[in-house]
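> Quick one: the structure is below, and I'll ask about it shortly.
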């Protein structure tokens, strides 16, 4: 249980967290120490976990604990098996290669093996069946990518000449930095809160969502996550951070603020299902949402500023998409292999 939790926490911190806080890190790394950046996000994390775990305001019936309702559709085992540590182990390896991978698919689908059919063909069909957990998560994530892409594309086509073009041609005056820093930190806090209430389930499923666990488990898990966050921040984000660095002007705190605002609003809308397209409690891949947003932003800015899309930009967007698609394929194949091995073990 603790081994799975530790590896899942490291994988999520190195993969999903950096996508969420990547622009925050990139735009502040030359001006603010990583320790101060870490202290800010660590404080918000502590508040979110405390509210979810102890439920001091009686929100439990609505939000469902530290997992914030994202584990309601899963049957968490009382005893964890050998195969429960394989996905976070694979995630640790993939994260170090710089491939943005959905921890939602890689980890959560493992806890719905009993709902997968036994034959390989039927398992393959379950991927596109929206009545299954795997199919519904996949649909929500793909729609998330598409809507985030289109939303960012339209927004940045409209505002680029007033924002990005102006930001590139006019460096931020030092006297305005405090204003933008305050705005960015507030918006990043909002984004971080939305992400935590969506993706904490990917980690805490190994602690049964915190249900009926003593306070010492809460303290130990909190300490472990904070330590892993400090390690990731000290390494300036690691390999996955390169996806953010490659995008135009993400080091500018003003541009980073706009990215975080759009991402935070998109996460909020998808988490509570304001489009009415899926169940609000269905987990989704924030990775797909973020990569779609960056792709739409990049194309919108280039079209507006250069009047065309160069081959390099097109290839970069396609490459990013292929990376998350590869991560998805690896996740699904891994779950299917584990399902076959687990069934074979049970039969023998």
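> For segment 38-47, enumerate the residues that are in contact (Cβ under 8 Å) with a residue 40 or more places away in the chain, under 11 Å from residue 189 (Cα atoms) and surrounded by fewer than 19 Cβ atoms within 10 Å (Cβ to Cβ). Working first, answer last.
Going residue by residue through segment 38-47, those that are in contact (Cβ under 8 Å) with a residue 40 or more places away in the chain are 38, 40-42, 44-46.
In the following step, the residues that additionally are under 11 Å from residue 189 (Cα atoms) were identified as 40-42, 44-45.
Of everything in segment 38-47, those that are in contact (Cβ under 8 Å) with a residue 40 or more places away in the chain, under 11 Å from residue 189 (Cα atoms) and surrounded by fewer than 19 Cβ atoms within 10 Å (Cβ to Cβ) turn out to be 40, 42, 44.
Residue-wise test of (1) more than 26 Å from residue 139 (Cα to Cα); (2) assigned to a loop (DSSP other than H, G, I, E, B); (3) at pLDDT below 70; (4) out of contact with any helix residue (DSSP H, G or I) (no Cβ under 6 Å at 6 or more places or on another chain).
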{"residue": "66", "(1), (2), (3), (4)": "no, no, no, no"}
{"residue": "72", "(1), (2), (3), (4)": "no, yes, no, yes"}
{"residue": "79", "(1), (2), (3), (4)": "yes, yes, no, yes"}
{"residue": "88", "(1), (2), (3), (4)": "no, no, no, no"}
{"residue": "92", "(1), (2), (3), (4)": "no, no, no, no"}
{"residue": "101", "(1), (2), (3), (4)": "no, yes, no, no"}
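> For segment 332-348, which positions are under 31 Å from the mean Cα position of the chain (by Cα) and free of Cβ contacts under 8 Å to residues at least 60 places away in the same chain? Talk me through it step by step, then tell me what you get.
Going residue by residue through segment 332-348, those that are under 31 Å from the mean Cα position of the chain (by Cα) are 332-343.
Scanning segment 332-348 gives 333, 337.
> Can you name the condition, by its number, that residue 219 falls short on among (1) in a helix (DSSP H, G or I); (2) closer than 30 Å to residue 73 by Cβ; (3) touching a helix residue (DSSP H, G or I) at 6+ places or on another chain (Cβ under 8 Å)?
(3)
> Another question, then. Hey, among the residues in segment 124-160 that are free of Cβ contacts under 8 Å to residues at least 24 places away in the same chain and assigned to a loop (DSSP other than H, G, I, E, B), which one's surrounded by the fewest Cβ atoms within 10 Å (Cβ to Cβ)?
131
> I'd like to check something: does segment 11-19 contain any residue that is over 14 Å from residue 185 (Cβ atoms), buried (at least 19 other Cβ atoms within 10 Å of the Cβ), modelled with pLDDT of 80 or more and touching a helix residue (DSSP H, G or I) at 6+ places or on another chain (Cβ under 8 Å)?
Initial filter on segment 11-19 (over 14 Å from residue 185 (Cβ atoms)): 11-19.
Subsequent filtering for residues that are buried (at least 19 other Cβ atoms within 10 Å of the Cβ) retains 11-19.
Narrowing the set further to residues that are modelled with pLDDT of 80 or more leaves none.
No, segment 11-19 has no match at all.
For every residue, the table says whether it meets (1) farther than 28 Å from residue 317 by Cα; (2) modelled with pLDDT of 85 or more; (3) surrounded by 14 or more Cβ atoms within 10 Å (Cβ to Cβ).
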| site | (1), (2), (3) |
| --- | --- |
| 164 | no, no, yes |
| 173 | yes, yes, no |
| 181 | yes, yes, yes |
| 192 | no, yes, yes |
| 201 | yes, no, yes |
| 207 | yes, yes, yes |
| 216 | yes, yes, no |
| 235 | no, no, no |
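> For segment 299-326, enumerate the residues that are in contact (Cβ under 8 Å) with a residue 40 or more places away in the chain and either surrounded by 19 or more Cβ atoms within 10 Å (Cβ to Cβ) or not in a helix (DSSP H, G or I) (or both).
Across segment 299-326, the qualifying residues are 299, 300, 301, 302, 320, 323, 324.
> Take residue 107 and decide whether it is out of contact with any helix residue (DSSP H, G or I) (no Cβ under 6 Å at 6 or more places or on another chain) and part of a helix (DSSP H, G or I). Lay out the reasoning, then the answer.
Working: out of contact with any helix residue (DSSP H, G or I) (no Cβ under 6 Å at 6 or more places or on another chain): no; part of a helix (DSSP H, G or I): yes.
It is false that residue 107 is out of contact with any helix residue (DSSP H, G or I) (no Cβ under 6 Å at 6 or more places or on another chain) and part of a helix (DSSP H, G or I).
> Residue 121 is checked against (1) loosely packed, with under 15 Cβ neighbours inside 10 Å; (2) under 23 Å from the mean Cα position of the chain (by Cα); (3) without any contact (Cβ under 8 Å) to a residue 60 or more places away in the chain; (4) part of a helix (DSSP H, G or I) and fails just one. What number does that condition carry?
With (1) loosely packed, with under 15 Cβ neighbours inside 10 Å; (2) under 23 Å from the mean Cα position of the chain (by Cα); (3) without any contact (Cβ under 8 Å) to a residue 60 or more places away in the chain; (4) part of a helix (DSSP H, G or I) applied to residue 121, the lone miss is (2).
> Just give me the residues in segment 237-254 being modelled with pLDDT under 85 and either within 16 Å of the chain's Cα centre (by Cα) or part of a helix (DSSP H, G or I) (or both), in sequence order.
From segment 237-254, those modelled with pLDDT under 85 are 237-252; that's our starting set.
Hits for segment 237-254 are 237, 238, 239, 240, 241, 242, 243, 244, 245.
> Six or more apart or on different chains, Cβ under 7 Å: which pairs go from a residue in segment 243-272 that's closer than 22 Å to residue 321 by Cβ to one that's surrounded by fewer than 16 Cβ atoms within 10 Å (Cβ to Cβ) and at pLDDT 80 or above? Could you list them?
Going by the 7 Å Cβ cut-off, the qualifying pairs are 249/168.
The values are calculated or read from the model by the stated rules, or taken from the named source; none is laboratory data. These numbers come from a predicted model, not from an experiment. We place every Cβ from the backbone using ideal geometry, glycine too, and count neighbours over all the protein chains shown.
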